[in-house]
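Only the coordinates and a few stated rules stand behind these numbers; no lab work does. Keep in mind that this is a model prediction, so the values were computed, not measured. We place every Cβ from the backbone using ideal geometry, glycine too, and count neighbours over all the protein chains shown.
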Amino acid sequence: MVANAITPRRIIGGSSSLSTKPASWLCASMPLPNDEVGRRASECMDGHELWLAQCENLGYQPDTHLYEDGTRTSQDAANQLGCEVAHIAKSIVFAGQEGAIVVITSGANRVDRKRKLKRLLGYKPSMTDADYILESTGYAPGGVPPFGHLKPCTVLMDEDLFQYETVWGAGGSAKTVFPIAPDELQRIAGATVGDVKQ
């Protein structure tokens, strides 16, 4: 445990001082073709607001926490939360044959793309860049949540996360995190569980 964890501002049910706009605000000022909705929404909304809107669509109400100093890395998040880095459920994005592959893994683990992901998927997914991640999920690196992506993604989940009662995922931005039980995380994300670590 970290002795001097920074006290976060809690954001419950989408109510926060991140913005004066409600979580359901989706740039409704103009009608958009279906293929542009995700792109335009991600341009108009803060990543956290966007994720809260997606959670509302999923019927999930997260207990999110805001950290002004940010939680871009798993270690940042663990330091701010005062927990072990293994309790962080980080989302790593790879390029698959039919869209993005989001791997929810323990913050203590590195993903074995060449052997273990290849075994789970039947092929080795490609590395990505920030543009691909934003385009494929709707969120910038450091804030990619484990679910609530704007485009369909294949989601895999690290079996090691099930050792813990609670894990912490990104809430759509590098400054927001939320706690969730691994079983619930798997259910909402529709994730396939497996051994993904190096």
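Using each residue's phi in the stretch 192-198, evaluate 6.51 cos²θ - 1.76 cosθ + 1.60 at θ = phi - 60° and report the 3J(HN,Hα) Karplus result to the nearest Hz, with x for Gly and Pro.
8, 8, x, 8, 10, 8, 6
Which cross-chain or sequence-distant (5 or more) residues have an amide H under 5 Å from the amide H of LYS197, H modelled 1.01 Å from N in plane?
ASP112
Express in nm, to one decimal, how much length is gained between ASP63 and GLU165 on full extension, taking 0.36 nm for each residue of separation and deducting their alpha carbon distance.
35.2 nm
Among 147-154, 104-111, 85-92, 117-124, what's the highest-first ranking by average C-beta atoms within 10 angstrom per residue?
So the peptides 147-154, 104-111, 85-92, 117-124, ranked by packing, come out 85-92, 104-111, 147-154, 117-124.
Setting aside same-chain residues fewer than 8 positions from LYS118, which aspartates and glutamates have a Cα under 18 Å from its Cα?
GLU98, ASP158, GLU159, ASP195
Ordered by residue, what ³J(HN,Hα) values in Hz, to whole numbers, does the stretch 109-126 give under the Karplus form 6.51 cos²θ - 1.76 cosθ + 1.60, where θ = phi - 60° and Gly and Pro are x?
Calculated HN-Hα couplings, in order: 9, 9, 7, 8, 6, 6, 10, 6, 5, 4, 5, 6, 9, x, 7, 8, x, 8 Hz.
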